[in-house]
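Below is one structure; the comments refer to it alone.
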Amino acid sequence: MGFFENVVEAVRRVSDSEVERVTLGWHASSVVAFDGRWGIGFVPSSLKEPHTARAPHTNMLLDGTLRRLAELFVSPFPQEFAAATAACAALLPFPDAGFRMDSIMPCARGDRVAVLGYEHELVPLMRDWGWKLAIFDDLRRAPDCFPQKDFADGVRDADWVWLTPEAIRDRWLISTAEALREKKGCFLQGPGLPCLTETFPSLGVTHLVVPAATGDEERIRAHIAAGGTLWLCPELEWRIHFAQTRGGISP
């Protein structure tokens, strides 16, 4: 069974609920269900493609359930994918555990790290950690930034890999899985990742990076609705979770 089929099968095993509210911000999305569950999702960059609203899509999102939204995880449309990732996070949440971001600093220090996508707040942090970055993003111009089409070559030359959620939507996670399994480790960053520790390891993912609520949930949703980035939300903390234990790797 493939990755997307595993996601759909997993959400169908979880209790469903009608959706009360869907919010699509500039950098993140959120879904709130009538039973109180909620999740934070990923919004594809509007700089890479126009965000156009289609009436059938909007109506389906507003009239759907968590499960119906989560089944749109395979959708190529930004509007549907943003809602689907938030629904997946609500249906299959990560536990209140994990490790702080700075705990992974030593693991790739001095190593070559292939990074898919440019995160303004994250990349400077990685550089401060002493990671040797090769960033694959079509919108950036810098000595260590390369066209995204060369990412497969970058993965082969790297010791570690860091993937943003674009890797799921653009299928880079699937197409490079064989090479990812040969790396020292691979980080897959959220938001909007379902907690499926039995699925991600088969693709070579060793660590999952997801935001966790540490403050008022309504303030987090207001931050998202105002177009804020999750890296600058004071009520959130990014946490590291193991996708698998391989060769004694630790955060």
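The values are calculated or read from the model by the stated rules, or taken from the named source; none is laboratory data. Note that the structure is predicted; figures quoted are calculated from it, not measured. Cβ placement follows ideal geometry from the backbone for every residue including glycine, while neighbour counts extend to all protein chains displayed.
Annotations for the structure displayed:
- Residues in the range 120-148 that are charged (D, E, K, R) and buried (at least 19 other Cβ atoms within 10 Å of the Cβ): 137 only.
- Within the range 112-136, the set of residues being in contact with a strand residue (DSSP E or B) (Cβ under 7 Å, 6 or more places away or on another chain), touching a residue at least 24 places away in the same chain (Cβ under 8 Å) and under 20 Å from residue 167 (Cα atoms) comprises 112, 113, 114, 115, 116, 118, 126, 134.
- Of all residues in the range 198-211, exactly one satisfies the criterion of being of a type in the set (Ser, Thr, Tyr) and either closer than 19 Å to residue 108 by Cβ or buried (at least 22 other Cβ atoms within 10 Å of the Cβ) (or both), namely 206.
- Among the residues of the range 100-117, the one identified as part of a loop (DSSP other than H, G, I, E, B) and crowded, with 18+ Cβ neighbours inside 10 Å is 117.
- Count - residues of the range 183-197 that are surrounded by fewer than 23 Cβ atoms within 10 Å (Cβ to Cβ) and in contact (Cβ under 8 Å) with a residue 40 or more places away in the chain: 5
- Going through (1) touching a helix residue (DSSP H, G or I) at 6+ places or on another chain (Cβ under 6 Å); (2) at pLDDT 95 or above one by one, residue 113 falls short only on (1).
- Across the range 58-76, a minimum of one residue is classified as modelled with pLDDT under 95, within 19 Å of the chain's Cα centre (by Cα) and of a type in the set (Val, Ile, Thr).
- Number of the condition not met by residue 171 [criteria: (1) under 27 Å from residue 70 (Cβ atoms); (2) touching a residue at least 12 places away in the same chain (Cβ under 8 Å)]: (2)
- Filter result for the condition that a residue is among the hydrophobic types (A, V, I, L, M, F, W, C), out of contact with any Leu (no Cβ under 9 Å at 6 or more places or on another chain) and modelled with pLDDT of 95 or more, over 212, 222: 222
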